[in-house]
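Engineer: Let me begin by handing over the structure; questions about it come next.
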Amino acid sequence: MRLGVNILNWNQADDTLKCVSSVRSWQITEKVVWVVDNASCAADRDRLVAGLDKETLLVSETNRGFAGGNNLAIQAALAAGCQYILLLNNDARISEENVNCLRQALNDDPRLGIVGPTLWDGRNPNRLLSAGGGDIGTAVSPHLTTPPAPDEIREVTYAPGTCALIRREIFERVGLLDETYFFGGEMADLCMRAREAGYTVAIVGGAKAFHTVDRSSEIRHWLHIYYVLRNRFLFVRKFHRRRQWRLFLFWTAQSGRPWLQAVLAGDWRRERAIRLAVWDGWRGRFGGQNRRVSRGEIA
């Protein structure tokens, strides 16, 4: 069955090309690779173009976030007849053997719609980062950190988009990634819709991937703080409407301590990211807000 591999780039051409190089080493015959450039600067895009070979580059002139950028490649993969689509972060690595383990899980069980590997720290391979996740609308720490047994396929609420293999029927039945999230939460959303459609989401115990989180960009750090918190409100709006106001209060209260710590430490960019996240969550202001968070506007 044809496999589509989708890799997203935003001003990290060097990391993206390393990821592409890793994927090139796979001997999977029916494999098509799409690289999406999400409105990177000209110099970064030039490095990306120079380093690609048989991979297809899709260029977005605006930053469409994780969901929007991946949706470009997902649509291309569906049009190309791919039966399975692998979302792979440019800072994640997975071997051909582990990809085949994920494919086998989908082949063996038609009820499985989305599967992921256990995620381990690329800098410390013995440190487990995630074994799937719980409900991001209600759980403060949704990442599960107890790995399944090597021969176990464990059902979870969602599989992280860092590395996830998705059956094409999922997109055909429930739609693409929700671009309203922009960054963070869109995979939890997709998994929830897949589960509501009768599919199972699982982590395959016999498959591993490694994720090396970028710690070099201060701006990305503040954006991550903002989107993770704000998108809890969006997820609650979509899937917990009966408890919406109670959960809004819950997430506002949860943000109080880190906000106060930021104030006391004089960490005004962190304070601003948290404040804007709660403000926008209550007001229903979603989508991409990179410039507002970076500049600290609240209008």
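The values are calculated or read from the model by the stated rules, or taken from the named source; none is laboratory data. Only a predicted model underlies this, so the values are computations on that prediction, with no experimental measurement involved. Glycine also receives a Cβ, built like all others from the backbone with ideal geometry; neighbour counts cover every protein chain displayed.
Engineer: Quick one: count up the residues across the range 1-49 that are among the β-branched types (Val, Ile, Thr), assigned to a helix (DSSP H, G or I) and closer than 23 Å to residue 210 by Cβ.
Structural biologist: Count: 3.
Engineer: May I ask you to list the residues in the range 125-161 that are outside any loop (DSSP other than H, G, I, E, B) and over 21 Å from residue 66 (Cβ atoms)?
Structural biologist: Listed by number, the residues that qualify are 128, 153, 154, 155.
Engineer: Does residue 114 satisfy the criteria of being closer than 22 Å to residue 19 by Cα, modelled with pLDDT of 95 or more and not assigned by TED's automatic domain parsing to the domain that holds residue 239?
Structural biologist: So residue 114 passes the test.
Engineer: Still on this structure, please answer the following. When you scan the range 165-182, do you find a residue that is in contact with a Ser or Thr (Cβ under 9 Å, 6 or more places away or on another chain) and either modelled with pLDDT under 95 or within 30 Å of residue 291 (Cβ to Cβ) (or both), even just one?
Structural biologist: Checked against the condition, which is being in contact with a Ser or Thr (Cβ under 9 Å, 6 or more places away or on another chain) and either modelled with pLDDT under 95 or within 30 Å of residue 291 (Cβ to Cβ) (or both), the range 165-182 yields no hits at all.
Residues checked against (1) out of contact with any Cys (no Cβ under 8 Å at 6 or more places or on another chain); (2) under 25 Å from residue 87 (Cα atoms); (3) at pLDDT 95 or above; (4) not assigned by TED's automatic domain parsing to the domain that holds residue 168:
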site: 206; (1), (2), (3), (4): no, yes, yes, no
site: 230; (1), (2), (3), (4): yes, yes, yes, yes
site: 233; (1), (2), (3), (4): yes, yes, yes, yes
site: 238; (1), (2), (3), (4): yes, yes, yes, yes
site: 243; (1), (2), (3), (4): yes, no, yes, yes
site: 276; (1), (2), (3), (4): yes, no, yes, yes
site: 279; (1), (2), (3), (4): yes, no, yes, yes
site: 282; (1), (2), (3), (4): yes, no, yes, yes
site: 289; (1), (2), (3), (4): yes, yes, no, yes
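Engineer: Please find, among 150, 125, the residue that is under 21 Å from residue 106 (Cα atoms) and either exposed (fewer than 14 other Cβ atoms within 10 Å of the Cβ) or among the basic types (Lys, Arg) (or both).
Structural biologist: 150
Engineer: Can you tell which of 59, 49, 36 is of a type in the set (Val, Ile, Thr) and buried (at least 16 other Cβ atoms within 10 Å of the Cβ)?
Structural biologist: 36
Engineer: Just to verify a result, which residue in the range 16-30, among those that are modelled with pLDDT under 95 and either in contact with a Leu (Cβ under 9 Å, 6 or more places away or on another chain) or among the acidic types (Asp, Glu) (or both), is surrounded by the fewest Cβ atoms within 10 Å (Cβ to Cβ)?
Structural biologist: 30
Engineer: Then there's this: Taking only pairs six or more apart or across chains, which ones have beta-carbon atoms under 8 Å, a first residue in the range 162-173 that is within 23 Å of residue 119 (Cβ to Cβ) and assigned by TED's automatic domain parsing to the domain that holds residue 71, and a second residue that is of a type in the set (D, E, K, R) and part of a helix (DSSP H, G or I)?
Structural biologist: Sorted first by the residue in the range 162-173, then by its partner, the pairs are 165/103.
Engineer: Consider residue 218 against the criteria (1) at pLDDT below 95; (2) within 23 Å of residue 142 (Cβ to Cβ); (3) not hydroxyl-bearing (Ser, Thr, Tyr): it satisfies all of them except one. Which criterion is unmet?
Structural biologist: (2) is the only condition that residue 218 fails.
Engineer: Okay, next question. Within the range 50-90, which residues are under 20 Å from residue 188 (Cβ atoms) and either outside the structural domain of residue 12 (by TED's automatic domain parsing) or not in a strand (DSSP E or B) (or both)?
Structural biologist: 64, 65, 66, 67, 68, 69, 70, 71, 73, 74, 89
Engineer: While we're on this one: Taking the range 165-177, which residues are in a strand (DSSP E or B) and either under 9 Å from the mean Cα position of the chain (by Cα) or of a type in the set (Val, Ile, Thr) (or both)?
Structural biologist: Within the range 165-177, 166 is the sole residue that qualifies.
Engineer: Could you figure out which of (1) buried (at least 21 other Cβ atoms within 10 Å of the Cβ); (2) within 22 Å of residue 182 (Cα to Cα); (3) not basic (Lys, Arg) isn't true of residue 91?
Structural biologist: Tallying (1) buried (at least 21 other Cβ atoms within 10 Å of the Cβ); (2) within 22 Å of residue 182 (Cα to Cα); (3) not basic (Lys, Arg), residue 91 fails exactly one: (1).
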